[in-house]
Amino acid sequence: MNSLERLKTRFLIAVLTICMMAGVASCSSNKDTTEQSKITAIADQIWAYSQGHPDGFTLDIRTLSEPKEGIAVSYAATQNSHSRDQLDKVVRHALQHDGYVGGWYNSENALYYFDSTRLFPENDLRGAIQFGKDNGQHSVFVLSSYTDVPLDGKVAEIVERGTILIGTTGDYRPLSFREPDGTYWGFGIEVANEIASRLGVKIQFVPTSWPTLTADVLAEPQTFDLAIGGITITDTRRETMLMSDGYLANGKTILCRATEAGRYQSLADIDKPEVRVMVNPGGLNEKFANEHLTHATITVHPKNEEIPALIAEGEADVMITEITEAPYYVQTDTRLAAPLLQHPFTHGEIGVLMQKGQDDLLQIVNATIRQMKTDGTLRRLHEKYGLIYAY
């Protein structure tokens with residue numbers, strides 16, 4: 001190849017290179033324009049959606065639908081992005097990461113804030129909380145129960161510990177009973193397991209008693225995180241503590257010997273000097289007996305679980321108990337009867353008890369109870385333990 005031919009070849013290569021570079025630049029430009037158009041279109045739709053949802057939302061931007069379950073946690077990278085002008089940045093980040101955008105309206109400054117969001121499974125509260133801490137957030141949000149979980153609250157403390165401490169008397173069949181080997185069973189224990197499952201932690205049961213229940217709940221440092229198992233919701237308790245929604249209908253009734261069931265058909269039939277009434281100490285049963293049975297002979301026995309057998313054996317005539325407890329003993333001891341089971345003296349509900357200031361834990365507990373009512377778990381527990389379902 002002579003010099004002229006080499007020169008022509010170099011010239012052709014240079015021309016081709018320039019053309020190729022121009023083409024790449026053109027393709028890149030077209031690609032960028034197309035991507036930005038996509039981002040802008042999604043951002044416009046999210047903005048329009050936000051105007052009708054000032055209370056907040058989490059959107060899957062791939063389908064523009066709200067997921068019903070999951071724990072939403074915001075990324076630090078899009079923190080403080082507000083109004084339509086900054087929404088494109090949020091959408092771009094979401095497309096590059098998890099595909100979710102959260103939004104909420106701040107009434108204090110009249111601005112709508114948006115974040116690129118990560119969605120955790122609801123059984124991974126630990127992972128969601130850790131991600132929230134890593135991204136400088138104040139809370140995470142449980143979508144199914146619309147529950148805000150602060151990262152410096154009681155729930156985060158329990159999750160970090162890995163164990164929830166639950167106070168229970170262990171003397172109240174079939175709600176909470178402790179066997180000699182230390183194992184617990186009962187309706188309330190199964191509710192406790194559901195709460196622990198939602199938090200993703202283990203359970204450690206802490207013994208308490210009816211006379212010391214209030215003091216144990218209010219103790220500092222705390223003896224346990226919450227108390228469960230046959231605890232009636234009352235205004236008095238709500239004055240000084242938090243109580244959950246009810247998960248079991250309750251009311252005062254009696255146990256007596258089956259041979260004498262016809263003898264006790266009203267409170268007046270019981271309130272006589274010759275009737276020996278036995279109650280456990282410190283709880284609402286003792287309080288009810290003292291207030292309503294002023295003529296009967298009242299005996300306080302220290303162990304609640306022993307009273308039914310004492311009634312059957314003739315050591316006393318009547319036990320003041322609850323409609324949640326009486327059916328178990330009637331079913332397991334043919335010597336006993338509950339003649340007023342369908343006509344309790346009082347009407348109430350049983351719930352979960354805890355210290356004030358634990359509103360985040362209360363939200364989780366109430367969300368668990370609502371879910372158990374919705375999915376049929378609570379009804380199945382009523383059927384399992386032979387109790388009246390009122391929900």
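Remark: pairs (first residue in region 186-202, without any contact (Cβ under 8 Å) to a residue 24 or more places away in the chain; second residue surrounded by fewer than 20 Cβ atoms within 10 Å (Cβ to Cβ) and of a type outside the set (Lys, Arg); Cβ separation under 7 Å; 6+ apart in sequence or on different chains) = 193/203. Taking every residue in region 98-110 that is without any contact (Cβ under 8 Å) to a residue 40 or more places away in the chain and of a type outside the set (Gly, Ala, Ser) and pairing it with any residue that is buried (at least 17 other Cβ atoms within 10 Å of the Cβ) and in a loop (DSSP other than H, G, I, E, B), at least 6 positions away or on another chain, the pairs with Cβ-Cβ distances below 9 Å are 98/75.
The set of residues from region 326-350 being open to solvent by 20 Å² or more (accessible area, probe 1.4 Å) and part of a helix (DSSP H, G or I) comprises 328, 330, 331, 332.
Considering only residues in region 267-282 that are of a type in the set (Asp, Glu) and open to solvent by less than 50 Å² (accessible area, probe 1.4 Å), the one that is nearest to residue 337 (Cα to Cα) turns out to be 269. Please specify each residue of region 349-390 satisfying the condition of being in contact with a Phe, Trp or Tyr (Cβ under 8 Å, 6 or more places away or on another chain) and over 19 Å from residue 193 (Cβ atoms). Selection gives 349, 386.
With respect to (1) free of Cβ contacts under 8 Å to residues at least 24 places away in the same chain; (2) among the hydroxyl-bearing types (Ser, Thr, Tyr); (3) open to solvent by less than 40 Å² (accessible area, probe 1.4 Å), the lone exception for residue 183 is condition (3). The test for being more than 30 Å from residue 357 (Cα to Cα), open to solvent by 10 Å² or more (accessible area, probe 1.4 Å), aliphatic (A, V, I, L, M) and touching a helix residue (DSSP H, G or I) at 6+ places or on another chain (Cβ under 8 Å) holds for residue 300. The set of residues in region 238-266 that are open to solvent by 20 Å² or more (accessible area, probe 1.4 Å), more than 19 Å from residue 342 (Cβ to Cβ) and in contact with a strand residue (DSSP E or B) (Cβ under 6 Å, 6 or more places away or on another chain) contains only 242. Out of 73, 91, one residue alone is in a helix (DSSP H, G or I), modelled with pLDDT of 95 or more, of a type in the set (A, V, I, L, M) and in contact with a strand residue (DSSP E or B) (Cβ under 8 Å, 6 or more places away or on another chain). It is 91. When each of 287, 356 is tested for being closer than 30 Å to residue 146 by Cβ and open to solvent by 10 Å² or more (accessible area, probe 1.4 Å), the lone residue that passes is 356. When residue 175 is tested against (1) surrounded by 18 or more Cβ atoms within 10 Å (Cβ to Cβ); (2) out of contact with any helix residue (DSSP H, G or I) (no Cβ under 9 Å at 6 or more places or on another chain); (3) not aromatic (Phe, Trp, Tyr), only condition (2) is not met.
The values are calculated or read from the model by the stated rules, or taken from the named source; none is laboratory data. What you see is a predicted model; the values in this text were computed from it and never measured. A quick note on method: Cβ atoms are made from the backbone with ideal geometry, for glycine too, and the neighbour counts reach across all protein chains shown. Just so you know, the surface numbers come from the protein's heavy atoms only, side chains and all, with ligands and any DNA or RNA stripped out. Shrake-Rupley method; radii C 1.70, N 1.55, O 1.52, S 1.80 Å.
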